[in-house]
Amino acid sequence: MTATAPREGQLWSRCAGCATLLYRKRLHRNLDVCPECGTHARLGAPDRLRQLVDSGSFTTLPDRPAEVDPIGFVDVLPYPHRLTAARAGTGLAEAVLCGTATIGRHPCALAVMDFRFLGGSLGSAVGELITRAAERALADRVSLVLVTASGGARMQEGALSLMQMATVSQAVAALREAGLLTVSVLTDPTYGGVAASFATNTDVVIAESGARMGFAGPRVIRQVTGRALPDGFQTADFLLRHGQVDMVVPRRALRSRLTALLAAARAARRPEPARRRVEQVAGAARSEIDVPAVPPPGPTTAAPPAACASAAVPSGPTTADAGRPADNAVSDAWATVRAARHPGRPTTLDYLESAFDDFVELHGDRLGGDCPAVVGGLARLAGHPVMVIGHQKGHTTAELVARNFGMASPAGHRKALRLMRLAARLGLPVVTLVDTPGADPGVAAEQQGQAAAIAENILALTMLPTPVVAVITGEGGSGGALALAVADRVLMLRHAVYSVISPEGCAAILWPDRGAAPQAARALRLTAPDLCRLGVVDEVVPEPEPAAQDDPEGAGRLLRAALLANLPPLLEVTPATLVRRRRQRFRRFGAAGVRAGAR
Ligand SMILES: [Zn+2]
């Protein structure tokens with residue numbers, strides 16, 4: 001129940017909380033908070049900035065979003081038409097305003113999202129702009145303030161928008177390493193990929209009064225659980241009660257709270273040398289901005305890997321899968337979705353039998369749970385000790401239910417995090433096997449901080465000083481998949497899929513008709529050859545004919561061969577170089593979406 005901010009020219013507006021008709025100027029003077037009931041109306045980014053920063057102190061970053069339609073997305077409207085309409089409707093170039101300013105005379109860099117612009121969705125340009133704001137904070141040695149308002153990642157940019165969760169997170173990581181404060185201000189609503197990355201992996205998380213935040217939206221949770229949601233579910237007070245935010249702050253007090261935080265951070269600064277070292281790493285990453293378009297070459301090779309090239313199709317996203325009649329059965333994106341979900345497909349535990357040796361399973365998050373949807377432990381790969389972490393589904397209904405269909409709870413993500421950190425301490429490389437429809441969208445998962453659990457894993461992987469190879473083996477479902485897939489090398493089985501949203505979910509929102517799932521599957525570019533061409537995936541791992549489920553042992557042998565080709569070279573690279581290259585790898589996805597401005 002949130003009021004919308006009044007538009008220009010309207011004298012009166014009705015509060016969505018108490019239905020009182022309010023004189024617009026009076027409402028505006030009250031920071032768009034209803035004087036009768038206290039409902040906080042949503043604010044556009046320009047109004048938000050006017051309220052937060054010292055008058056006249058805001059300077060927009062010079063970078064401008066370019067016209068991008070990286071996957072040629074069409075639902076009932078082409079994506080560029082939706083972008084044009086959003087620009088005309090808001091007067092903004094994108095769903096975020098970034099710049100530098102002072103708050104209470106303390107300098108900071110800011111990124112303020114605007115929900116009016118395509119639901120504040122996180123696309124390549126938005127991710128790149130926020131990243132540049134973070135880099136500006138690093139260069140100026142000031143704090144970063146992120147004001148979030150978003151429905152999640154931008155479906156119309158497919159997996160490239162999913163990658164932005166990693167891109168922005170690694171910019172947050174660089175500030176963390178430099179001892180600079182990051183603060184996010186959650187405003188209504190903050191969901192999906194934004195909630196599960198930079199909205200919750202900053203140092204301090206503030207929720208504005210009345211804001212709602214969560215990984216899964218209430219509609220999805222009701223659909224999945226078939227139950228009514230608890231009162232006040234996902235509201236700021238709920239988040240505070242469940243330990244997910246530092247404070248709930250009414251709009252009139254936001255400025256003074258930020259001032260106090262910025263003052264504290266400014267007073268206590270880290271010694272110089274540590275910061276300089278980090279900036280050298282970040283500086284190298286920054287130089288990658290000028291690399292031309294997606295898909296650029298991988299950071300360690302001059303050309304796409306041979307396996308990728310052989311699996312990729314000749315040109316242009318719209319010609320995907322053309323000219324390979326022998327592959328017809330699975331060349332259709334929807335057929336690939338069904339193959340990826342096939343219950344006979346080898347699971348992580350199957351691959352641990354067939355592709356690895358001597359698996360020793362480790363359990364538990366050490367905080368109170370052991371999620372059955374994530375398995376992990378020590379194993380050997382042709383003599384190399386490795387840490388393997390993967391989603392676990394099952395072949396029968398009973399197995400699937402016992403494993404929650406491979407949908408990890410926050411405890412599952414925290415178990416994975418514990419094992420990643422253990423691997424780093426022991427100097428072991430990490431191999432992840434990704435096969436999940438998505439993270440668990442339940443009430444308990446939200447109470448236990450699903451968004452922050454995913455966000456923390458993404459952040460940790462951008463900092464992990466040991467090689468990481470991720471393999472999408474079945475379903476790579478959005479943020480739940482990315483929580484195990486921020487890696488030095490990302491491999492993908494030929495009949496796996498990797499997507500920012502399920503085709504059914506995308507169809508329900510954009511067409512809007514769940515029956516349009518096959519069209520949505522095609523539009524999302526979620527197959528291995530498509531993603532290889534976009535640079536999201538480095539190499540396509542072949543499957544036995546016709547697919548892995550028909551010869552699980554053979555699939556295990558092919559996976560083992562792919563890992564043995566990809567892992568050993570990474571063992572030669574120093575930890576600092578690994579981390580730098582991993583960040584370059586994810587950084588490149590936003591570069592095409594933004595033109596550098598004159599400095
Ligand atoms: Zn009211």
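General observations
- Hits in the stretch 523-552 - residues which are buried (at least 19 other Cβ atoms within 10 Å of the Cβ) and charged (D, E, K, R): R525, D530, R533, D538, E539, E543
Every residue, every condition in (1) touching a His at 6+ places or on another chain (Cβ under 9 Å); (2) of a type in the set (A, V, I, L, M); (3) without any contact (Cβ under 8 Å) to a residue 24 or more places away in the chain, yes or no:
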site: E475; (1), (2), (3): yes, no, no
site: A481; (1), (2), (3): yes, yes, no
site: A485; (1), (2), (3): no, yes, no
site: M492; (1), (2), (3): no, yes, no
site: P503; (1), (2), (3): no, no, no
site: I509; (1), (2), (3): no, yes, no
site: A520; (1), (2), (3): no, yes, no
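- Filter result (open to solvent by 10 Å² or more (accessible area, probe 1.4 Å) and either out of contact with any helix residue (DSSP H, G or I) (no Cβ under 9 Å at 6 or more places or on another chain) or closer than 17 Å to M113 by Cα (or both)) within the stretch 133-145: R136, D140
- Being open to solvent by 20 Å² or more (accessible area, probe 1.4 Å), part of a helix (DSSP H, G or I) and either more than 22 Å from Y498 (Cα to Cα) or at pLDDT 95 or above (or both) is a property that holds for L349.
- The requirement of being part of a loop (DSSP other than H, G, I, E, B), modelled with pLDDT of 95 or more and over 29 Å from the mean Cα position of the chain (by Cα) is fulfilled nowhere in the stretch 358-379; no residue meets it.
- Members of the stretch 200-232 that are open to solvent by 10 Å² or more (accessible area, probe 1.4 Å), among the charged types (D, E, K, R) and in contact (Cβ under 8 Å) with a residue 24 or more places away in the chain: D203, R212, R227
- Scope the stretch 115-131; condition surrounded by fewer than 24 Cβ atoms within 10 Å (Cβ to Cβ) and in a helix (DSSP H, G or I); matching residues: G119
- Qualifying residue in the stretch 238-249 (condition: touching a strand residue (DSSP E or B) at 6+ places or on another chain (Cβ under 8 Å) and assigned to a helix (DSSP H, G or I)): yes
- Of all residues in the stretch 146-199, exactly one satisfies the criterion of being open to solvent by less than 10 Å² (accessible area, probe 1.4 Å) and of a type in the set (F, W, Y), namely F198.
- For the stretch 96-104, the count of residues that are away from the ligand (no atom under 16 Å from the Cβ), under 25 Å from the mean Cα position of the chain (by Cα) and open to solvent by 30 Å² or more (accessible area, probe 1.4 Å) is nonzero.
- Residues that are open to solvent by 30 Å² or more (accessible area, probe 1.4 Å), modelled with pLDDT under 95 and either assigned to a helix (DSSP H, G or I) or touching a helix residue (DSSP H, G or I) at 6+ places or on another chain (Cβ under 8 Å) (or both), drawn from the stretch 568-599: A592, A596
The values are calculated or read from the model by the stated rules, or taken from the named source; none is laboratory data. Keep in mind the model is a prediction, meaning the values are calculated, not measured. Please note: Cβ atoms are built from the backbone with ideal geometry, for glycine as well, and neighbour counts cover all protein chains shown. Side chains included, ligands, DNA and RNA excluded: accessible areas come from the protein's heavy atoms. Shrake-Rupley method; radii C 1.70, N 1.55, O 1.52, S 1.80 Å.
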